[in-house]
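Working notes for the structure below.
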Amino acid sequence: MTDLLSSSPLPREVLAEAYEPLALFHAKLEKEGEPRGIIGPRDVDIIWERHILNSAALVPFLWEEMEDLRSVKGGREPIIGDIGSGGGFPGIIVAACMPDVPVYLVEPMERRVEWLHEVVAELGLTNVTVVRARAQEVTPGHVAGNVKSLLPRGFRGFDIATCRAVAPMTKLTGMIFPLLASGGKLVTLKGRSVEAELEKAAKEMKKYGAVHPHVYEAPVGEGLEPTRVLVVNKK
Ligand SMILES: C[S@@+](CC[C@H](N)C(=O)[O-])C[C@H]1O[C@@H](n2cnc3c(N)ncnc32)[C@H](O)[C@@H]1O
């Protein structure tokens, strides 16, 4: 099976300098993704669109939030935590597109963690740390002993948390906001039901100091269906 976008110039145009490493990721996904349970059988010919370009739609929003954070963090480089990375979405794509930003991939499942280590090595990504843990185990003040050494010294939370397809906002809020630094942001890919999710999660959002939610339509590439990005600030 061949990816519908493999002969298109679009991936290279959208990904620019990240195209080369992400083409390696694409090749690995095409060959090993389905047998290793990383992607579904119906995804094999839409890896560029559904997984790689879809994840990359988050990146312009991350640059913007990083600018915001840099101005209040006194020049300290913000760190990103991708929570529930699975096969590396969006975390691997974010790391390839932002090679100077430290990205932590937080994923509890051993099989996926093994895959993520391989991907990081094969793509030559030097800004990624794979952390085998549940979100609750990288929460400042409750960091599990076995993951402490993987996180920055004096870890006070991620400045930005990214994620895709991990949980609805009612559940995601309690998972993500405790592991964000104060003033941090959740920047997540969401489906069409995002407004309804936000409405249902009002109580949890209040409890965890999740404020100013904004939903954006995010382009994936010319001729492709856009996706949606939700940005929420931590008080
Ligand atoms: C449906 S998959 C999505 C994977 C990837 N983000 C994607 O979009 O393809 C959800 C992932 O969240 C992980 N996960 C589940 N509970 C978690 C928790 N408490 N903390 C961190 N990750 C969790 C699962 O192991 C799984 O890899």
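Every read-out reported here was derived from the displayed coordinates using simple, explicitly stated rules and does not represent laboratory data. Everything numeric in this text was worked out from a predicted model, so none of it was measured. Positions of Cβ are backbone-derived with ideal geometry, glycine not excepted, and every protein chain shown enters the neighbour counts.
Result for the chain in a Gaussian network model with C-alpha springs under 10 Å: among TRP115, TRP63, TRP48, the largest mean-square fluctuation is at TRP63. Prolate is the label for the chain, because a/c, from the alpha-carbon gyration tensor with a ≥ b ≥ c as root eigenvalues, is 1.5 or above and a/b exceeds b/c.
Within straight-line reach of LYS206, meaning a Cα separation under 23 Å, sit the following lysines at least 8 residues removed in sequence or on another chain: LYS171, LYS185, LYS190, LYS234, LYS235.
From the Kirkwood radius over Cα pairs of segment 1-89, Stokes-Einstein at 20 °C and 1.002 mPa s returns a whole-number translational diffusion coefficient of 147 µm²/s.
For segment 24-79, trypsin sites (Lys or Arg not before Pro) meeting the loop criterion (DSSP other than H, G, I, E, B) and having at most 12 other Cβ atoms within 10 Å: ARG76. Positive end of the dipole of the chain (Cβ unit charges, origin at the Cα centre): among VAL120, ILE92, SER149, the Cα lying farthest that way belongs to SER149. Nearest 10 degrees, 0 to 90: what angle lies between the long axis of helix 110-123 and the longest principal axis of the chain (Cα atoms)? The angle comes out at about 70 degrees. Highest mobility in the GNM of the chain, judged by mean-square fluctuation with C-alpha springs under 10 Å and restricted to GLY141, GLY174, GLY91, is found for GLY141.
Electrostatic tally near ARG50: other residues with Cβ closer than 12 Å to its Cβ, Lys and Arg +1, Asp and Glu -1, net -3. Across PHE155, PHE25, PHE89, mean-square fluctuation computed from a Gaussian network of the chain (C-alpha pairs under 10 Å connected) peaks at PHE155. Nearest 10 degrees is fine. How inclined is helix 59-72 to the longest principal axis of the chain, computing both from alpha carbons? The helix 59-72 is inclined about 30 degrees to the chain.
A protection proxy built from the mean count of other Cβ atoms within 10 Å ranks the segments 184-193, 6-15, most packed first, as 184-193, 6-15.
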